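Notes to accompany the following structure.
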Amino acid sequence: MRLRTALCTAVSATSALLLISACGGGSASTSAGGAPLVGVDYPRSDTDFWNSYIKYTPEYAKELGLSLKTTNSQNDVAKLTANAQTFISQGVKGLAMAPQDTAAIAPTLAQLEAKKIPVVTVDTRPDAGKVFMVVRADNRAYGEKACQYLGTKLGGKGKVVMLEGGLDSINGRDRTEAFNDCMKKDYPGIKVFGEATNWDGAVAAQKLQTDLTANPDIKGVYMESSFALPGTLQVLKQKGLLVDPSDKKHVFVVSNDGIPEELRSIGEGKIDATVSQPADLYAKYALYYLRAAIDGKTFKPGRTDHDSTIIQVREGLLEDQLSAPLVTSDGGTYGGVPSLKSDDKSLWGNNLS
């Protein structure tokens with residue numbers, strides 16, 4: 001889809017497109033090159049997912065006519081706070097960030113609001129504070145899709161390990177709570193071993209090894225992110241469990257992210273499914289909403305023209321929930337959840353150069 005520019009357009013009351021409720025007059029402040037200056041803080045650069053987001057960001061900034069400054073907070077909220085001060089001193093007109101500690105970012109958001117610098121948060125939603133838009137997928141749906149896949153594959157019985165993300169993050173909480181709620185409701189015969197990992201692959205591998213040693217009949221693993229993929233594959237290989245899905249020893253593994261390595265691993269039968277978190281669309285719509293904020297636009301809850309839904313999370317906080325499909329080897333439907341095949345060309349993970 002071609003990104004819309006800052007032009008104000010009339011929208012029919014019955015339209016299913018994104019609702020634009022107001023348009024501002026006047027021109028936005030610009031950089032020396034004539035493009036509005038915006039800042040983007042990258043949360044980390046130690047995962048394939050975030051490195052893909054980093055790759056896409058300057059491409060979409062150019063497409064939207066934005067001048068770009070970037071920093072990397074390296075999963076540290078203190079660094080993110082310091083980076084925000086740098087952006088303020090540089091005169092940015094908008095800021096996109098992905099705070100991993102979604103509670104501790106509130107004071108920084110308040111400062112940016114006071115300075116009338118619009119903020120878009122990507123992938124995570126702040127526990128408190130105002131932002132112009134949250135750009136993320138429905139993370140509860142991640143946990144539910146993983147639950148339905150594993151529940152179906154295990155026939156509603158057995159044991160699974162959930163390698164949780166950081167519970168100081170709304171994403172970790174959403175995925176964990178949704179997976180547990182779904183299992184209790186739809187697959188009460190499955191026992192879930194929840195393991196806190198704080199998004200740390202080494203911790204995840206150690207805890208999975210302990211669980212498999214104590215419970216060799218475990219038949220499923222839910223990794224809340226691809227951070228746990230290398231360690232999980234290594235542990236399964238060490239225990240002789242990294243076998244073809246047709247082998248009765250196979251342990252069914254579901255991940256979240258949709259990075260190329262996950263898609264290849266599904267095709268090779270090493271893991272079984274993932275939920276494709278849209279790194280490309282996170283970059284695209286983070287900058288799209290910054291441009292819209294600079295140009296004085298506002299939005300309302302409703303369907304968009306890019307296959308997503310804007311919801312109101314709380315008073316004054318909107319979230320554009322982008323599409324994040326389940327991905328499997330066969331493109332089947334599991335527990336009522338449809339999936340795409342791992343080689344589907346519409347998946348961003350199959351289109352990286």
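The values are calculated or read from the model by the stated rules, or taken from the named source; none is laboratory data. All figures in this text were calculated on a predicted structure; none of them were measured in a lab. FYI the Cβ positions are ideal-geometry reconstructions off the backbone, even for glycines, and counts take in every protein chain you see. Areas reflect the complete protein model, heavy atoms only, side chains present, ligands, DNA and RNA absent. Shrake-Rupley method; radii C 1.70, N 1.55, O 1.52, S 1.80 Å.
Details
- Candidates in segment 204-232 are the residues that are free of Cβ contacts under 8 Å to residues at least 40 places away in the same chain and open to solvent by 50 Å² or more (accessible area, probe 1.4 Å); of these, the one that is nearest to Ala146 (Cα to Cα) is Pro230.
- Hits in segment 78-115 (condition: in a loop (DSSP other than H, G, I, E, B) and closer than 13 Å to Val38 by Cα): Gly91, Val92, Lys93, Gly94
- Residues being part of a helix (DSSP H, G or I) and out of contact with any Asp or Glu (no Cβ under 9 Å at 6 or more places or on another chain) - total across segment 187-215: 8
- Residue satisfying all of: in segment 57-109; of a type in the set (D, E, K, R), touching a helix residue (DSSP H, G or I) at 6+ places or on another chain (Cβ under 7 Å) and closer than 29 Å to Trp199 by Cα; modelled with the highest pLDDT among these: Lys69
- Residues within segment 126-142 that are more than 12 Å from Ala96 (Cα to Cα) and either in contact (Cβ under 8 Å) with a residue 60 or more places away in the chain or in contact with a Ser or Thr (Cβ under 6 Å, 6 or more places away or on another chain) (or both), tallied: 8
- Output for segment 129-148, where each listed residue is within 21 Å of Thr304 (Cα to Cα) and touching a Phe, Trp or Tyr at 6+ places or on another chain (Cβ under 7 Å): Phe132, Met133, Val135
One line per residue, one yes/no per condition, for (1) more than 24 Å from Leu150 (Cβ to Cβ); (2) surrounded by 14 or more Cβ atoms within 10 Å (Cβ to Cβ); (3) in contact with a Phe, Trp or Tyr (Cβ under 7 Å, 6 or more places away or on another chain):
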| position | (1), (2), (3) |
| --- | --- |
| Gly267 | no, no, no |
| Lys270 | no, yes, no |
| Tyr288 | yes, yes, no |
| Ala293 | yes, yes, yes |
| Thr298 | yes, yes, no |
| Pro301 | yes, no, no |
| Val327 | no, yes, no |
| Tyr334 | no, yes, yes |
